[in-house]
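Structure, as structure tokens:
The values are calculated or read from the model by the stated rules, or taken from the named source; none is laboratory data. From a predicted model like this one, the values you see are computed outputs, not experimental measurements. FYI the Cβ positions are ideal-geometry reconstructions off the backbone, even for glycines, and counts take in every protein chain you see. Accessible surface areas use protein heavy atoms only, side chains included; no ligands, DNA or RNA. Shrake-Rupley method; radii C 1.70, N 1.55, O 1.52, S 1.80 Å.
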Amino acid sequence: MSTLTPEERAKKLSEGLDYVKDLPGFERGHPHYFKDPMIDHLLEIVLQLGAEMWIIRDRQMVTEYLLTTEGKVTPEMIEAFKPSPEFREKMKVERGTYTRRLYQSLYDGIGPGGEAAFVSGVLKAR
Amino acid sequence: MGHIETKSLLTRGFNGNTPELLNRADEAYCDFVSGARNLLMYAQFQNIGNLGEAELDQAAKATGHRPNSPDAIKALVMKVPEVATYFRVKRTLQESYWRRIAESYGLKQTEFEQALAEADQMGPGSVTYDPNFVYPGYATVDIHVQPGGYTGQRLGALTYDYGTKIFFGGAGDADSLHHSMAEKTSAPKDGVVKRVMEIGCSIGQMACGLKKRYPDAEVWGTDIGAPMVRYAHWRTIQQGLDVLYAQMPAEDLDFPDNHFDIVTAHLLFHEIPVPVIKRILAEAKRVLRPGGVFVLWDFFSAKNRSGASNFMGLMDASDNGEPFAPGFVNCDVEALMEHAGFKLRSHDPQELGRTGRVGDKPI
């Protein structure tokens, strides 16, 4: 084990690292990307609204599923609901359609892009 | 408060090895964010990279000078509406999921903390950490814009677990990426594997994969963050695996010389400053036995990436809490490994874009 005090060890570990305090280019706080920050705020609001609407849609889909399969639904049943792989896939497809419909105009000028997945989108482009 | 049963703590169970969020609404919110990231970010990654790169090329032609500071680059490329939109969307989605995950688990903050405290004393495996540890500055950054980063919140590792599930857009569920990399982590040439360590192990996904691959070996996971190793231990107990976790800076390990057969690091080096990388390489070589192997899993170096990809990497550093990543991708880590005394193997196994550099400690 290290024989140094915690403070001494931290000082030793920080030796020669003064430059990291500046973190050049690192955006702290809440940056905006448009000249008019109100555009940033509006986009944020639109994304949050989309998320909140999806929560309601998700709940509706689960409710309908439970009513169809169980004949009844309670808040506890919704919370405990574990979708089957098929139902999970159905929701994923529904979510994709919903998201495209809401936001496709954002990138109208540059087209639909590539495959919507981390693996193909980011890594294969490196 | 009595003993905390995992079943009563996680009423909605697990998703793979990751605890489910505490209510359906939070899960649906994060599903939306994850899907939106896939559609609005990952699908547009190449388009936006090309747009940014073209803008920088044009500036270079017009002025004879290519902007290279993050501020200058941003001032230029954010004039393109789609580029500004992309980074606005990215930042908002990133901030949104951290906030929602923390709020969800925060509903049972006290119970989670008690579960971690109980796990501290339980097996299989073990965890050691220093409650009085003082972190060096570089380890207190809000990496990935996660409030508190890897070290500043008691439940930060739990939040990080679900956050990385969203980050990978579902591609890493059930620890599949980490276990795949554990399978592909090169072994010493003599095949002897008695002790293995993952440095910067975070929540222990790869350490568990290594334990599955080498069930008879002593497997260690070390990390500078106490919240990380404590949660890694709790998470590993849920899987019934015997992994030893310890809070240790990778550049100052409390192990004897020539102790390990394999030391590996996964996505650690791009989160730390280059001087620390050099110290870690020296320390890894010290604790490896002659003939032991160091395997570095991390991003490709800038020299092996396209201009558009490097532009996106620079933006990621600035807007996604990756302040040390540009230093790493430009540092020629292969040369640093050789300088530390490793003999590099010619073959680099690759897994999902993270290149595995393999260095043997000479006999």
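Okay, residues lined up against (1) surrounded by fewer than 20 Cβ atoms within 10 Å (Cβ to Cβ); (2) in contact with a Lys or Arg (Cβ under 8 Å, 6 or more places away or on another chain); (3) of a type in the set (D, E, K, R):
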residue: B:163; (1), (2), (3): no, no, no
residue: B:171; (1), (2), (3): yes, no, no
residue: B:179; (1), (2), (3): yes, yes, no
residue: B:184; (1), (2), (3): yes, no, yes
residue: B:187; (1), (2), (3): yes, no, no
residue: B:190; (1), (2), (3): yes, no, yes
residue: B:204; (1), (2), (3): no, yes, no
residue: B:207; (1), (2), (3): no, no, no
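Residue B:135 - would you say it is touching a residue at least 40 places away in the same chain (Cβ under 8 Å), of a type in the set (Phe, Trp, Tyr), out of contact with any Ser or Thr (no Cβ under 7 Å at 6 or more places or on another chain) and open to solvent by 50 Å² or more (accessible area, probe 1.4 Å)? Considered against the rule, which asks whether it is touching a residue at least 40 places away in the same chain (Cβ under 8 Å), of a type in the set (Phe, Trp, Tyr), out of contact with any Ser or Thr (no Cβ under 7 Å at 6 or more places or on another chain) and open to solvent by 50 Å² or more (accessible area, probe 1.4 Å), residue B:135 comes out as no.
Among the residues here, residue B:43 qualifies as free of Cβ contacts under 8 Å to residues at least 24 places away in the same chain, facing chain A (nearest Cβ under 8 Å) and under 23 Å from the mean Cα position of the chain (by Cα).
So which residues in segment B:253-297 are of a type in the set (A, V, I, L, M, F, W, C), assigned to a helix (DSSP H, G or I) and farther than 18 Å from residue A:17 by Cα? Explain how you work it out, then say what you get.
First, pick out the residues of segment B:253-297 that are of a type in the set (A, V, I, L, M, F, W, C): B:253, B:255, B:260, B:262-263, B:265, B:267-269, B:272, B:274, B:276-277, B:280-282, B:284, B:287-288, B:293-297.
Adding the requirement that they be assigned to a helix (DSSP H, G or I) leaves B:269, B:274, B:276-277, B:280-282, B:284, B:287.
B:284, B:287, listed by residue number.
Anything in segment B:271-297 that is touching a residue at least 40 places away in the same chain (Cβ under 8 Å), open to solvent by 20 Å² or more (accessible area, probe 1.4 Å) and closer than 22 Å to residue B:190 by Cα? List them, or say none.
First pass over segment B:271-297, keeping only residues touching a residue at least 40 places away in the same chain (Cβ under 8 Å): B:271-274, B:276-278, B:280-282, B:284-285, B:287-297.
Subsequent filtering for residues that are open to solvent by 20 Å² or more (accessible area, probe 1.4 Å) retains B:274, B:278, B:282, B:285, B:289-290.
If the condition is that a residue be touching a residue at least 40 places away in the same chain (Cβ under 8 Å), open to solvent by 20 Å² or more (accessible area, probe 1.4 Å) and closer than 22 Å to residue B:190 by Cα, then B:285, B:289, B:290 are the ones that fit.
Within the option set B:314, B:288, being under 21 Å from the mean Cα position of the chain (by Cα) and aliphatic (A, V, I, L, M) holds for one residue only, B:314. Consider segment B:1-24 and keep the residues that are polar (S, T, N, Q) and free of Cβ contacts under 8 Å to residues at least 24 places away in the same chain. The one that is farthest from residue B:122 (Cα to Cα) is B:11. When the residues of segment A:33-77 are filtered to those that are at the interface with chain B (Cβ under 8 Å from one of its Cβ atoms) and acidic (Asp, Glu), the one that is surrounded by the fewest Cβ atoms within 10 Å (Cβ to Cβ) is A:52.
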